[in-house]
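Reading through the structure tokens given below for one structure.
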Amino acid sequence: GESVGLHLPTLSVQEGDNSIINCAYSNSASDYFIWYKQESGKGPQFIIDIRSNMDKRQGQRVTVLLNKTVKHLSLQIAATQPGDSAVYFCAERPGYSSASKIIFGSGTRLSIRP
Amino acid sequence: DAGVIQSPRHEVTEMGQEVTLRCKPISGHDYLFWYRQTMMRGLELLIYFNNNVPIDDSGMPEDRFSAKMPNASFSTLKIQPSEPRDSAVYFCASTLDGQPQHFGDGTRLSIL
């Protein structure tokens, strides 16, 4: 069946360095992609999203890249800080409407070395 | 903005008991979602509502699970009778059409 997966289950990064979290998706019909951050004991928190008609979108310290040719999504975090420690989920939705179900990946844990 | 509010934050009960989880979505949002998160299965969609009407409950595991949304500001997820395998973190999320979902902080449910 269709699925969203992550290449790396854990990622350790030096504080101040850039982090890159990767995600592969298999549903070529997916039209909308989202990155969520989940801290311990909390719910997933929206970080950034991108529609399939774009290949790059930037936020504050974060950038999402979408490569539809190879069905790959990545989240780049600039100047990683201790507060960035969390599990990061990519998610896809086969349509922009909320009536389309979001499929979540398994998550990548990001840990920050001091 | 108070965000999505869930209660209780933690629930520990014995198997066979009825469990009711509660959710208050963000005011004005017209979609409400219930998810379950476990280490083994990750984040799974159980059911979602649009304008208080259940749209898709295909993710509800069994008849022991039921969800209601009597009005735009309140929803419940009920498990009766509960079983140990129902132990998980249950999340509620809400959104406006086309917008990202906003999640509550979840209810950690333990069935003994």
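The values are calculated or read from the model by the stated rules, or taken from the named source; none is laboratory data. The structure displayed is predicted, hence computed values, not measured ones. Reconstructed Cβ throughout: ideal geometry from the backbone, glycine too, with neighbour counts over all protein chains shown. For the accessible areas, the whole protein counts, side chains as well, though only heavy atoms, and no ligand, DNA or RNA atoms are used. Shrake-Rupley method; radii C 1.70, N 1.55, O 1.52, S 1.80 Å.
Would you confirm whether any residue within region A:102-114 is assigned to a loop (DSSP other than H, G, I, E, B), in contact with a Phe, Trp or Tyr (Cβ under 6 Å, 6 or more places away or on another chain) and modelled with pLDDT of 95 or more?
No, region A:102-114 has no match at all.
Just checking, how many residues over region A:9-31 are surrounded by fewer than 20 Cβ atoms within 10 Å (Cβ to Cβ), outside any loop (DSSP other than H, G, I, E, B) and hydroxyl-bearing (Ser, Thr, Tyr)?
Going through region A:9-31 one residue at a time, the tally reaches 2.
Among the residues of region A:102-114, count how many are within 14 Å of chain B (Cβ to nearest Cβ), under 27 Å from A:Asp17 (Cβ atoms) and open to solvent by 20 Å² or more (accessible area, probe 1.4 Å).
Qualifying residue count, region A:102-114: 3.
Taking strands (runs of 3 or more DSSP E) that fall entirely within region A:52-101, which contain at least 3 residues that are open to solvent by 60 Å² or more (accessible area, probe 1.4 Å)?
Qualifying strands (runs of 3 or more DSSP E): A:56-58.
Is region B:57-68 home to any residue that is under 24 Å from A:Ser97 (Cβ atoms) and in a strand (DSSP E or B)?
Yes; the residues of region B:57-68 include at least one that is under 24 Å from A:Ser97 (Cβ atoms) and in a strand (DSSP E or B).
Can you find even one residue in region A:36-49 that is open to solvent by less than 50 Å² (accessible area, probe 1.4 Å) and more than 29 Å from B:His10 (Cβ to Cβ)?
Checked against the condition, which is being open to solvent by less than 50 Å² (accessible area, probe 1.4 Å) and more than 29 Å from B:His10 (Cβ to Cβ), region A:36-49 yields at least one hit.
Just to be sure I understand the filter: pairs with C-beta atoms under 6 Å, separated by 6 or more residues or on different chains, first member in region B:70-85 and in contact (Cβ under 8 Å) with a residue 12 or more places away in the chain, second member exposed (fewer than 13 other Cβ atoms within 10 Å of the Cβ) and among the acidic types (Asp, Glu). Which pairs pass?
B:Gln80/B:Glu18
Condition first: surrounded by 15 or more Cβ atoms within 10 Å (Cβ to Cβ) and facing chain A (nearest Cβ under 10 Å). Now tell me which residues in region B:76-98 satisfy that.
Within region B:76-98, B:Val89, B:Phe91, B:Cys92, B:Ala93, B:Ser94, B:Thr95 qualify.
Of all residues in region B:1-38, which are more than 10 Å from chain A (Cβ to nearest Cβ), assigned to a loop (DSSP other than H, G, I, E, B) and either open to solvent by 40 Å² or more (accessible area, probe 1.4 Å) or out of contact with any His (no Cβ under 8 Å at 6 or more places or on another chain) (or both)?
Passing the criteria: B:Asp1, B:Ala2, B:Pro8, B:Glu14, B:Met15, B:Gly16, B:Gln17, B:Glu18, B:Pro25, B:Ser27, B:Gly28.
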